[in-house]
1. Could you state the principal axis extents of the C-alpha atoms in region 226-285, from the largest down, to the nearest angstrom?
2. Can you list the lysines whose alpha carbon sits under 23 Å from that of residue 327, skipping same-chain ones fewer than 8 residues off?
3. Roughly how many Å² is the accessible area per residue of region 53-187, as a whole number, for a 1.4 Å probe?
4. Would you work out what percent of the accessible area of region 101-209, with all protein chains in place, is carbon or sulfur (probe 1.4 Å)?
5. Heavy atoms only, 1.4 Å probe, whole protein assembly: order 130, 186 by accessible area, highest first.
6. Using a 1.4 Å probe on the protein heavy atoms only, what accessible surface does residue 103 show? Give it in Å² to the nearest 10.
7. Would you mind computing the Rg to Rh ratio of region 53-187 from its alpha-carbon coordinates, Kirkwood style for Rh?
8. Skipping prolines and chain starts, which residues have an amide H placed within reach, meaning under 5 Å, of the one on residue 242, given they are 5 or more residues away or on another chain?
Amino acid sequence: MRKAWIVATAAVGAGAAFVMVLVVGVYMVAGNMVNGVGSGTRALAKGSVPAAYQATVQKWGNLCPAINPALLAAQLYQESGFNPRAQSAAAAQGIAQFIPGTWATHGVDGDGDGDRDVWDPADAIPSAASYDCSLASYVKSVPGNITENMLAAYNAGPDAVIRYGGVPPYKETRNYVRIITSLEDSFAAPVGRLGPTQQAAGAISYAQTKLGTPYLWGGTGTAGQGGRFDCSGLTQAAYESVGITLPRVANDQYNAGPHPSRGELLPGDLVFFSDDLTNSRAIRHVGIYVGGGYMIDAPRTGAVIRFDPIDTKDYFGATRVTQDGAKALPTAV
């Protein structure tokens with residue numbers, strides 16, 4: 001539950017004017033700054049991987065040049081949403097979704113305890129990295145990007161990559177490669193300043209029109225709900241209004257783009273709050289940053305959509321929503 005913050009009517013009006021100035025500013029600079037972050041071996045963004053797995057992903061993500069910790073994290077998120085008990089209809093198992101035959105050949109004892117357990121992330125994460133590197137070595141002579149070819153081999157098998165001379169023309173495989181390479185930015189700590197997005201101003205403008213609307217748990221703004229929202233319903237609708245589709249819940253929205261630091265926030269960034277500051281999967285609240293240390297959010301039952309401060313002890317971090325980042329997110333993890 002967010003702490004209450006009461007704003008007088010006059011203050012809300014002043015805040016609205018302040019936001020409009022920021023909206024204009026976002027539009028002015030958006031066309032002049034470059035989105036994205038640098039490439040190369042990448043450190044993980046704060047809390048983007050559950051704390052229980054972060055050290056393992058960081059270590060094994062540097063196993064070979066074809067992978068890095070952020071890419072490995074994106075792959076695990078795509079495979080299972082970091083769920084060590086995940087099991088697919090095709091009998092893929094564990095956090096890395098190995099099928100039994102592949103595990104029998106490529107599973108490794110990552111924690112040195114004498115067994116190879118597909119359900120144990122301490123074995124499955126190292127096995128995913130090891131298998132990635134083996135595949136990269138197997139397809140190293142294939143033309144094109146070695147990492148994309150490696151991911152394609154993970155999904156479709158190395159023989160298909162060799163046969164087609166690159167990522168095979170399978171829709172599932174091409175989507176798999178696109179999703180993971182796009183999501184990589186969502187798990188990487190930025191190595192430079194992040195540029196604003198043109199959609200940010202429109203998202204703020206939409207959220208402004210909802211100020212004063214009563215909160216509704218599970219609300220997505222439908223007519224049947226009286227146009228009411230919960231926190232992630234508001235942020236989802238705000239970005240939907242500018243053509244970007246976000247997942248329904250806050251902890252998945254965190255992965256919709258790269259993560260600016262507190263000092264680099266720009267209007268339109270999503271800001272997140274959690275009782276566990278080490279794990280993005282535990283995020284429980286989200287708002288839209290408007291500048292000056294404030295956000296527009298739908299805080300809780302009994303409150304209305306309003307301006308709230310972001311500098312509280314449960315502030316987790318922020319995401320600069322991008323079209324590619326949002327599009328890459330799995331529909332369910």
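The values are calculated or read from the model by the stated rules, or taken from the named source; none is laboratory data. Remember, predicted model here, so these are calculated numbers, not experimental data. Neighbour counts are summed over all protein chains in view; Cβ atoms, including those assigned to glycine, are modelled from backbone coordinates with ideal geometry. The accessibility values were calculated without ligands, DNA or RNA, using every heavy atom of the protein model including side chains. Shrake-Rupley method; radii C 1.70, N 1.55, O 1.52, S 1.80 Å.
1. 35, 23, 15
2. Within reach: 46, 171.
3. On the way: 5640 Å² over 135 residues.
Dividing the accessible area of region 53-187 by its residue count gives 42 Å².
4. Within region 101-209, the accessible surface is 47 percent carbon and sulfur.
5. Details: 130 30, 186 0 Å².
Sorted by accessible area, descending: 130, 186.
6. Accessible area, nearest 10 Å²: 30 Å².
7. Details: Rg = 13.7 Å, Rh = 14.6 Å.
Using Cα coordinates only, the ratio equals 0.94.
8. none
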